[in-house]
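Encoded as structure tokens, the structure appears first; notes follow it.
The values are calculated or read from the model by the stated rules, or taken from the named source; none is laboratory data. All values reported here derive from a predicted model rather than from experimental measurement. Heads up, the Cβs are rebuilt from the backbone with ideal geometry, glycines too, and the neighbour counts pull from every protein chain shown.
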Amino acid sequence: MASDPRRTAPRPGLVLDVDRSTPPILFHHGEGFRLEKLPADRSRIIYPAEPLPGLPDPDESIRQALLNPIEDDPLPSLLTPGMKLTIAFDDLSLPLPSMRKPDIRQRIIEQVLDMAAAAGVDDIHLIAALALHRRMTEDELRHCLGDRVYDAFAPQGAIYNHDAEDPDGMVELGLTRHDEQVTMNARAAESDLLIYVNLNIVSMDGGWKSTATGLSGYSGIRHHHNVATMLESKSFMDRHKSELHHSNWRQGEVIKNHGPRIFQIETTINNNTFGYDGPMSVLQKREWEWNAKDRATFITMKKGLDMMPTTAKRAIFNGWKAPYELTSVQAGDVEAVHDVTLEHCFKQHLVPVEGQTDVLTFGLPYICPYNVNSVMNPILVMCLGLGYFFNMYRGKPLVREGGVLIMSHPTPWEFHPVHHPSYIDFFEQVLSDTTDPLELEAKYEKQFAEDEWYIHLYRNSYAYHGVHPFYMWYWGASALQHLGRVIIVGGDKRAVRRLGFQPASTMQDALEMASDVVGPAPSITHLHNPPILMADVT
Amino acid sequence: MSKLARQIGLPKLPAALSLIRRFRALPFPYRAPSTPRGVRPLRPKARTGADYDTSWSRRTPARMARAAIIEGPMRLAVSGLAAPDRRGADRLAATKGSVIFAANHHSHLDTPLLLTSLPDPWKHKVIVGAAADYFFGTRVTAAMSSLVIGAIPIERTKVGRRSADLAAELIDDGWSLVIFPEGGRSPDGWGQPFRGGAAFLASKTGVPVVPVHLDGTGRILRKGRSIPRPSTTSVTFGRPIVPQDGENATRFAARIEREVAALADEVSSDWYTARKRAHASESPDLTGPESASWRRAWALGDRSRGAKSRKRHWPNL
């Protein structure tokens, strides 16, 4: 409905001080939900902004972006008949959850290809820039690219997943001024033009990270996916204060000087994760605004999910496709484009917050970037909580140094054997020895990264690279160093303890346990996420 | 009862029948007057063809009945007969409001196939332009066409504004229109040149035209055949197009035809090859080669493969 004020005049994010009349608050809890009452007068809740309106004519906006790029020539003028053109695109880890068809990548790539067709370009390859992530299946590629593109190029083998372990498929472009190696997919590096199609769901994505990480291999990625870098990134969602990004930008300089010409296309989406109507829409509303229908829907959904086996719940949630809308599209020079992208990203996500808190709480949902159509294993629980959610800040962390983090998730001792084989060994062997990021990096990383079996599975099956669980752990390294204690509510006790955290049965218990660290009556902040928000802490 | 009837013993007429006879015997003005000889009688008001009033078929009861027919027996029949492969609906994702669906036309199956393939916003608020002289020839066929497919009569044998005005008025009211710009089913498996109706309506109402390519329906029920033979079909929706500045209806109609031809190429080759040929104005023509009829039939090649695929048996001696 066009007249719906949520669509025409979305409200900005909100920091709500909890009082006695505040209703119980929604906590995501894996493939389920919890409603928790937070202590009055010392708790606050940060709500995300409502979804910004999508572009009225996304196809026309894309066309205009390609014809009027930022600090670059119009795309049609870069396309010539005999050229070697490569189109790389973000993999299925973005957006989360996957979006409804048509995916933004499909919309953009079709227009790019239409311009290439007009120019008579024949030599075109499309590469899923998945770095060390698992390969995408045909269904997933079709979802991202659409059937038209897939059917036109896949039969000739011109659509494929990036293979960072292909000895003939990677080239070295040189060293950065900090002696970091820069490697790149050979086809992309040897192309006359590399067009990168990005999808920014959070401010971490995009820029030089797209090509410097997405099309790179272990020898290039290890220079920024390590503990020292992550400890220096405060936060890695804030590009200018992120060593992760500084390193990628240095690698970008090398790509710029020694690699292919790059035409970057970046996009942002709103945070319309659960829609304005339908059964999931209640998850996007503020609790005191739930009407009778919302409450009935929520109760039915929760009771139904509580009764279902986990596999059925996963099937339901994995089937959910978010009705995200495109809020901006810009193309041209990598850095100039990314600056505009970040503005749009922050416009949707940033919520101003004053001061830090003693205890930070949040509920973890069923999905993170590395378990699309898969299982959220305990290592991914750690990564999503201490990596992503903890780092959703600009300025300073929401929780004070030495504070307590309370997360809600079932944390099952369960792994997807095809997608996450090295995670199983990491969990069983490495974490049972140490949870210290620096120690496990020094002791085990190389062994996992160079393991022939993991490499075989990465290249030929649908497995994440052997080194990937280490990166998940490094992602949370900064939070581990910063926090005094991490408590998981409602999790598998053995799995939680293996992670080095403390299990709690209820939120009340968790708050009691937290007071051992931060003292009685601590201040509490709840991050009401997803839909995504980023705290601008002053 | 007459005297003869009484003599041969016929039973007495029922009271109701007797009443009708007495009513018919009533004099003018209780009954219609007869026309004097030598006076040309007034022409009776036409109730068929382009003059058929279809407004009843757009009221709620008729729409509900039509939705039930389309979603029930029609969808079932289409799936059984045509096994459609539907593509390109995502190209309409950003389109809102009324549109004109302009499709090529090979068979009576085209309309049910298209009606069961339309994406959600348009599915149940759509009218179909149908030949006034064929579908609205009698009151029974007219009523059936209006009810089942939401047809409105379109003149194809003479120039008249009535059809166009009605279609434009309904489009302005938020209805979408399905139209077959070729004006009739293909006589030989090849397409016919597109007429300007869809383009004219788009120019007049300002709504976009969605080119649609239907493939395979000719194999199932081509013109001249009355028993359908199951085969496979595809429905491909193109990107909505609007008339450009200074583009008249004739040129726009030609562009719609080119878009449908590009969709046909997309089905027979692949999307990227089709786009390259479309940009180079080299999409294979829908109307086929201009040559003798046997050569046109020959050139159809694989397209008529389904029609020939009858199982062959050894003679039973």
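Brief remarks on what is shown
- Looking across segment A:76-107, the residues that are more than 14 Å from chain B (Cβ to nearest Cβ), of a type in the set (A, V, I, L, M) and either closer than 19 Å to A:Ala65 by Cα or in contact with a helix residue (DSSP H, G or I) (Cβ under 7 Å, 6 or more places away or on another chain) (or both) come down to A:Leu78, A:Ala88, A:Leu92.
- Complete set of residues in segment B:280-298 that are within 12 Å of another protein chain (Cβ to nearest Cβ) and surrounded by 15 or more Cβ atoms within 10 Å (Cβ to Cβ): B:Ser283
- Scanning segment B:208-237 for residues that are among the polar types (S, T, N, Q) and in contact with a His (Cβ under 6 Å, 6 or more places away or on another chain) turns up B:Thr217, B:Thr236.
- B:Arg277 vs. criteria in a loop (DSSP other than H, G, I, E, B), of a type outside the set (Gly, Ala, Ser), in contact with an Asp or Glu (Cβ under 9 Å, 6 or more places away or on another chain) and within 14 Å of chain A (Cβ to nearest Cβ): no
- Those residues of segment B:206-246 which are farther than 25 Å from B:Val267 by Cβ, in contact (Cβ under 8 Å) with a residue 12 or more places away in the chain and surrounded by fewer than 17 Cβ atoms within 10 Å (Cβ to Cβ), in sequence order: B:Gly206
- Screening segment A:291-311 for residues that are in contact with a helix residue (DSSP H, G or I) (Cβ under 9 Å, 6 or more places away or on another chain) and of a type in the set (A, V, I, L, M) and picking the one that is farthest from A:Tyr276 (Cα to Cα) gives A:Met308.
- Lone unmet requirement of (1) under 28 Å from A:Ser328 (Cα atoms); (2) touching a Lys or Arg at 6+ places or on another chain (Cβ under 8 Å) for A:Ala188: (2)
- Selection status of A:Gly146, out of contact with any Cys (no Cβ under 9 Å at 6 or more places or on another chain), at pLDDT below 95 and buried (at least 19 other Cβ atoms within 10 Å of the Cβ): yes
- Residue in segment A:484-492 that is assigned to a helix (DSSP H, G or I) and either surrounded by fewer than 18 Cβ atoms within 10 Å (Cβ to Cβ) or touching a Ser or Thr at 6+ places or on another chain (Cβ under 6 Å) (or both) present: no
- Meets criteria (within 30 Å of B:Ala274 (Cα to Cα), charged (D, E, K, R), at pLDDT 95 or above and out of contact with any helix residue (DSSP H, G or I) (no Cβ under 6 Å at 6 or more places or on another chain)) for A:Glu172: no
- In segment B:89-111, the residues that are in a helix (DSSP H, G or I) and more than 11 Å from chain A (Cβ to nearest Cβ): B:Asp110, B:Thr111
- Apart from one condition, B:Tyr272 fits all of (1) touching a Pro at 6+ places or on another chain (Cβ under 8 Å); (2) within 14 Å of chain A (Cβ to nearest Cβ); (3) crowded, with 21+ Cβ neighbours inside 10 Å; the exception is (1).
- Annotation: of all residues in segment B:252-269 being within 11 Å of another protein chain (Cβ to nearest Cβ) and among the hydrophobic types (A, V, I, L, M, F, W, C), the one that is surrounded by the fewest Cβ atoms within 10 Å (Cβ to Cβ) is B:Val267.
- Filtering segment A:109-160 to residues that are without any contact (Cβ under 8 Å) to a residue 12 or more places away in the chain, more than 11 Å from chain B (Cβ to nearest Cβ) and of a type in the set (Gly, Ala, Ser) leaves only A:Gly157.
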